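Read through the structure below, which is laid out as structure tokens, and then see the notes.
The values are calculated or read from the model by the stated rules, or taken from the named source; none is laboratory data. These figures come from a predicted structure and were not determined experimentally. For neighbour counting, all protein chains shown are included, and Cβ atoms are generated from backbone atoms with ideal geometry for every residue, glycine included.
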Amino acid sequence: MNSLLQDVTDRIIERSQATRAEYLQKIDKARRQGPHRGALSCGNLAHGFAACNKAEKSDLRSMVKANVAIVSAYNDMLSAHQPYETYPAIIKQAVSEVGSVAQFAGGTPAMCDGVTQGNAGMDLSLMSRDVIAMSAAVALSHNMFDAALMLGICDKIVPGQLIGSLSFGHLPTVFVPAGPMPSGLPNKEKARVRQAFAEGKVGREELLEAESQSYHSAGTCTFYGTANSNQLVVEMMGLHLPGSSFVNPGTPLRDALTRAAAVQATRLTDLGDNYMPIGHIVDAKAIVNGLVGLLATGGSTNHTMHLVAVARAAGYIINWDDFADISRAVPLMTRIYPNGSADINHFTAAGGMSLLFKQLLDAGLLHNDVNTICGKGLERYMLEPKLIDGELQWVDGPQESLDKEVLADVEKPFKPDGGLSVLSGNLGRAVIKTSALRTPHCHMKAPAVVFEDQFELDAAFKSGELNKDCIVVVRFQGPTAIGMPELHRLTPPLGVLQDRGYKVALVTDGRMSGASGKVPAAIHVTPEAYTGGLLNKVQNGDIIELNTETGALTLHVPEHELEAREAKQASLDNHHTGMGREMFTGMRSTLTGAEEGACSLFASQEQEA
């Protein structure tokens, strides 16, 4: 095992001894109290299976047949989740054929950041993760289940379902993907049209046509954003069936994998000899494996918050230094948009997950002594699923990349590191994704142009005020301020400025997430401006330095001058009401900082710690 990765793992275990022990004690107590149908009163149990057919009622009364909970984030509007409409019927039939029962236990919210981007609904996006976690917990709270299937793919949904599942860590839980849509308009062309629209060179009709050709059918968006990062990380942690993350929806192989996932859940219950709950799969080594996969592929920076919150749900405390050290140990092995022009289907064609697992394992970059839903170790994940004469089988995958412009060899990576750096200085701490930058490192020292809202930048761009070297500051975008929306509407104009030859960068306490691209962006700045971070006091013309080689994020203003400046009072009324945002006032006030996961679920525990 790589020594630096082992050191990171050891320190996570060491710092988390008390919290992990408390977690294991909690899930062991839950196991001893159940399934928990046997602990229910006759009236409770009768309610629980009232809508079942006669055979299912008999099975559930017997207490020897498994009952599998289906928790789904299905909706028609989110293309990645639309295929889940048919999954419950497929799952129920597959589970019934092996002598068990599956019940649809509950739904979780599933908002699409692609629809809400740049609109009021985006202010709810990050907070929806915690609502999803609570919704999953509500679904499982009936105490009727021996195992669970989680149906979710996109940005906040999988992290939320993971957190909710881990609160029921005594239950075996299998995550069930639905797969990416087939490739559409090439990502490079889509980006070109977006920039042309930002410059006024094409109109809305041309832009809409390009977007429609890109996002064109059921399935996950094909760029390597948070949704596809979720799938890769979950498989790396052993919670998916091997090779199931990126099989297209609506195919016989996809349906076969869904049936197999359902059956696998029945094999892991406490009613048999292979009990394997999710709380025993998600341990420090599995979390590190997930981080390795994320960083080796240049995945979404959203996980610098999501995986912190997921780890905390399993009793582990991780921080951005862990991300940075793992990034230094792990080479960048893929070029998938926005880190390149290929999409996730091209990655699969080049060798996909089986080859990624093989290369990382061979290089000593993954812990192999881990539990998975398929047993001990990751060898099965070096295989890929195939339908052979109508039967699902796992066979050897490619032994080397079939397209080294998309998936490189571990010995000859695209970059020697994973492309994620932590910046710190008097402005606070931030993360920056360097894997998509035009140069391996970024060092900028330029005057600040300050905005209190992402929408203010449009007018400045159109008026020509930004035609200069500058570091754009967009503040009061943090968790407590407005819920930390993504700021991707900033990308096209900043990209245009960069193409005009200006040196530009972004510093913000908001998010840019999985689609972070060629513009250097120091994001998730913490402490955020709203809660007293120094970002609050930055003024137009102040010199800011951003240096990924030294890790500096510095405001070059004398200390005595900063002390004399009054803190800026943000006017955020337009972000706190309308589109349901007024209902989230309480949640915003309890969100932890970005490095603590921007999470409302463990706020009191973090304060005690």
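Name every residue in region 163-192 that is out of contact with any Ser or Thr (no Cβ under 9 Å at 6 or more places or on another chain) and either modelled with pLDDT of 90 or more or assigned by TED's automatic domain parsing to the domain that holds K29 (or both), in order of residue number.
Listed by number, the residues that qualify are I163, S167, G169, H170, V174.
If we scan region 190-207, do we find a residue that is β-branched (V, I, T) and in contact with a His (Cβ under 7 Å, 6 or more places away or on another chain)? If you could, list the steps in order and put the result at the bottom.
Step one: list which residues in region 190-207 are β-branched (V, I, T), which gives 193, 202.
If we keep only those that are in contact with a His (Cβ under 7 Å, 6 or more places away or on another chain) too, we end up with none.
Among the residues of region 190-207, not one is β-branched (V, I, T) and in contact with a His (Cβ under 7 Å, 6 or more places away or on another chain), which makes the answer no.
Please tell me if R511 is surrounded by fewer than 24 Cβ atoms within 10 Å (Cβ to Cβ), touching a residue at least 12 places away in the same chain (Cβ under 8 Å) and closer than 27 Å to Y337 by Cβ. Full working, then the answer.
Details: surrounded by fewer than 24 Cβ atoms within 10 Å (Cβ to Cβ): no; touching a residue at least 12 places away in the same chain (Cβ under 8 Å): yes; closer than 27 Å to Y337 by Cβ: yes.
So R511 does not fit the description; no.
Is one or more of the residues making up region 305-318 in contact with a His (Cβ under 8 Å, 6 or more places away or on another chain) and closer than 23 Å to R429 by Cα? Steps first, please.
Just the residues of region 305-318 that are in contact with a His (Cβ under 8 Å, 6 or more places away or on another chain), to begin with: 305.
Adding the requirement that they be closer than 23 Å to R429 by Cα leaves 305.
The answer is yes; a qualifying residue exists.
Among the residues of region 424-442, write down those that are at pLDDT 95 or above and either surrounded by fewer than 20 Cβ atoms within 10 Å (Cβ to Cβ) or not hydrophobic (A, V, I, L, M, F, W, C) (or both).
Scanning region 424-442 gives S424, G425, N426, G428, R429.
What is the residue count in region 281-312 for residues that are out of contact with any Ser or Thr (no Cβ under 7 Å at 6 or more places or on another chain) and either within 22 Å of A342 (Cβ to Cβ) or not in a helix (DSSP H, G or I) (or both)? Walk me through how you get there before you give the answer.
Initial filter on region 281-312 (out of contact with any Ser or Thr (no Cβ under 7 Å at 6 or more places or on another chain)): 282-283, 286-287, 289-293, 296, 304-312.
This time we only want the ones that are either within 22 Å of A342 (Cβ to Cβ) or not in a helix (DSSP H, G or I) (or both), so: 282-283, 292-293, 296.
The number of residues fulfilling the criteria is 5.
Return the residues of region 158-180 that are in contact with a Pro (Cβ under 8 Å, 6 or more places away or on another chain) and aliphatic (A, V, I, L, M); say none if nothing qualifies.
Answer for region 158-180, where residues must be in contact with a Pro (Cβ under 8 Å, 6 or more places away or on another chain) and aliphatic (A, V, I, L, M): L171, A178.
Please go through region 532-563 and pick out each residue that is over 19 Å from D509 (Cα atoms) and hydroxyl-bearing (S, T, Y).
T550
May I ask you to list the residues in region 111-144 that are modelled with pLDDT of 90 or more, within 14 Å of the chain's Cα centre (by Cα) and among the charged types (D, E, K, R)?
The answer is R129, D130.
What number of residues within region 371-394 satisfy the criterion of being charged (D, E, K, R) and closer than 24 Å to V282 by Cα? Step through it out loud before you land on a result.
Taking region 371-394 and keeping what is charged (D, E, K, R), we get 376, 379-380, 384, 386, 389, 391.
Those still in the list that are closer than 24 Å to V282 by Cα too: 376, 379-380, 384.
Count: 4.
Got at least one residue in region 338-349 being touching a Pro at 6+ places or on another chain (Cβ under 8 Å) and under 30 Å from A30 (Cβ atoms)?
For region 338-349, residues touching a Pro at 6+ places or on another chain (Cβ under 8 Å) and under 30 Å from A30 (Cβ atoms): absent.
Among G315, G375, which is the only one that is crowded, with 24+ Cβ neighbours inside 10 Å, on the phi > 0 side of the Ramachandran plot and assigned by TED's automatic domain parsing to the domain that holds S165? Full working, then the answer.
Details: G375 fails: crowded, with 24+ Cβ neighbours inside 10 Å.
Unique residue meeting the criteria: G315.
Only one of V330, V310 is buried (at least 24 other Cβ atoms within 10 Å of the Cβ) and either at pLDDT below 95 or closer than 22 Å to L361 by Cβ (or both). Can you tell me which? Reasoning before the result, please.
On the way: V310 fails: either at pLDDT below 95 or closer than 22 Å to L361 by Cβ (or both).
Unique residue meeting the criteria: V330.
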